[in-house]
Structures are given as structure tokens and as C-alpha cells.
Amino acid sequence: MLRVWLYESWIADLEDKHQFTKDYTILGGSFHNPEAAKQMIQSENPSVVSTDEEYEKSTQMILAENELDKEMQTTKHRRRKRQIRKVINKEA
């Protein structure tokens, strides 16, 4: 089990070094060719364009889900926390 964990940690370190080297190279190259650097960054994080109909459909789905969540929360019974009263000894 320890060997698997060490191997996965080693692979994660290699991935981090690779990502750092790639980002550093893009940064250096952006001074000479900013458009190519921009394209490389956008290839990693593509932007998504949606139509108005898709946006409205997703909004309605989220609102319906929120309504279901509210209904589930109102049907649950809440228990009140029992209050503990401090008794002060008046004889002292």
C-alpha cells in the first residue's frame, strides 16, 4: 500500500513539474508571439458558447431543483436544542 501511495505521489510531482514548465514556456513565448500563447491557453481552457434557449432551459432546471430542495427541507422535523439552566446556589 505504501508503494502505491509513493508511486502516485511521484507521478503527481512529475505532473506538477510538467505543468510548471509548460506555463513558464508559454509565459516566455508570450513576449515574442502573444497570439500563439493566447491560443495555447485557450486550448487548455476552452470557452463555451450557448444559445439563449439552452440558457433558459438550464435556468429552469436549476430553479426546479431548488424548489425540490426547499420542499425537502420543509418536510423535515426540526428538533430544538434543550436549554440547560444554570442553578445558582444562593446559600453561599
Computed over segment 1-41, the convex hull of the Cα set has an average projected area, in nm², of 2.8 nm²
Here the gain from full extension of residue 57 to residue 12, 0.36 nm per residue of separation minus their alpha-carbon distance, amounts to 12.3 nm
Here, residue 19 and residue 48, labelled 7 Å along Cα→Cβ, have an inter-label distance in nm of 2.0 nm
Hits for the chain under the membrane-span-like helix rule (DSSP H, Cα axial span at least 27 Å, Kyte-Doolittle mean at least 1.6) are none
Rounded to one decimal in Å, the inverse mean reciprocal Cα-Cα distance for the chain, i.e. its Kirkwood radius, is 20.7 Å
Given the candidates 47, 30, 12, the one whose Cα lies deepest towards the positive end of the charge dipole of the chain, counting +1 at each Lys or Arg C-beta and -1 at each Asp or Glu C-beta, is 12
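We did not get these values from a lab; they are worked out from the coordinates using the rules stated. Every value quoted in this text rests on a predicted model; they were computed, and no experiment measured them. Cβ atoms come from the backbone with ideal geometry, glycine included; neighbour counts cover every protein chain shown.
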